[in-house]
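In what follows, a single structure is set out as structure tokens and then discussed.
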Amino acid sequence: MSEAAWEQIAAVSDVEPGGRLSVVVEDYPALLLRAGDQFYCIEDVCTHDGQPLTDGPVEGDVITCPRHGAKFSIKTGAALCMPATSPVRVFEVDVRDGLIYARSN
């Protein structure tokens, strides 16, 4: 299997610190999150029931599903509490020349 290609998904200026942006990576709905100068990109679907995580609160490196309260690490995708038991997909992020790129890990 070949390595996934980098896709340009946004510009750094598109996402304020603490902000988020809905994007598409490799045909998956994804959520680009900015914590300070760090960017994280996760699939925008709760693994518990398919609810979008788009409007879920983020505290530190944890996003909470707004529907049933499942929590996920935005760094690793790990499910941190019930009702979710499976991780969310995490995309690798690279920032170059003010542009943000992502690909599958």
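The values are calculated or read from the model by the stated rules, or taken from the named source; none is laboratory data. No experiment lies behind these values; they were computed from the predicted model shown. A quick note on method: Cβ atoms are made from the backbone with ideal geometry, for glycine too, and the neighbour counts reach across all protein chains shown.
Which one of these does Ile42 not meet: (1) surrounded by 18 or more Cβ atoms within 10 Å (Cβ to Cβ); (2) β-branched (Val, Ile, Thr); (3) assigned to a loop (DSSP other than H, G, I, E, B)?
Of the numbered conditions (1) surrounded by 18 or more Cβ atoms within 10 Å (Cβ to Cβ); (2) β-branched (Val, Ile, Thr); (3) assigned to a loop (DSSP other than H, G, I, E, B), the odd one out for Ile42 is (3).
State all residues of segment 59-74 that are crowded, with 18+ Cβ neighbours inside 10 Å, out of contact with any Asp or Glu (no Cβ under 6 Å at 6 or more places or on another chain) and in a loop (DSSP other than H, G, I, E, B); if no residue qualifies, say none.
Correct list: Cys65, Ala70.
Please go through (1) out of contact with any Ser or Thr (no Cβ under 7 Å at 6 or more places or on another chain); (2) surrounded by 15 or more Cβ atoms within 10 Å (Cβ to Cβ) for Leu31 and return the number of the only condition it doesn't satisfy.
It is condition (1) that Leu31 fails.
Starting from segment 11-28, take each residue that is surrounded by fewer than 11 Cβ atoms within 10 Å (Cβ to Cβ) and list its partners that are modelled with pLDDT of 95 or more and of a type in the set (D, E, K, R), counting only C-beta distances under 6 angstrom and pairs at least six apart or across chains.
Going by the 6 Å Cβ cut-off, the qualifying pairs are Pro17/Arg34.
What are the residues in segment 1-24 that are farther than 13 Å from Asp94 by Cα and either part of a strand (DSSP E or B) or basic (Lys, Arg) (or both), if any?
Arg20, Leu21, Ser22, Val23, Val24
Quick check on segment 80-90. Is at least one of its residues aliphatic (A, V, I, L, M), in a loop (DSSP other than H, G, I, E, B), out of contact with any Leu (no Cβ under 8 Å at 6 or more places or on another chain) and buried (at least 16 other Cβ atoms within 10 Å of the Cβ)?
yes
Would you confirm, using the coordinates I've provided, whether Ala30 is in a strand (DSSP E or B) and at pLDDT 95 or above?
Yes; evaluated as a whole, the condition is true for this residue.
What tally of residues in segment 91-105 results from selecting those that are surrounded by fewer than 17 Cβ atoms within 10 Å (Cβ to Cβ), outside any loop (DSSP other than H, G, I, E, B) and not polar (S, T, N, Q)?
Counting residues in segment 91-105 that are surrounded by fewer than 17 Cβ atoms within 10 Å (Cβ to Cβ), outside any loop (DSSP other than H, G, I, E, B) and not polar (S, T, N, Q) gives 5.
Tell me which of these Ala35 doesn't satisfy, since it passes every other one: (1) at pLDDT 95 or above; (2) within 13 Å of the chain's Cα centre (by Cα).
Here Ala35 clears every test but (1).
For segment 49-58, how many residues meet the condition of being modelled with pLDDT of 95 or more and either in a strand (DSSP E or B) or not aliphatic (A, V, I, L, M) (or both)?
Selection size over segment 49-58: 6.
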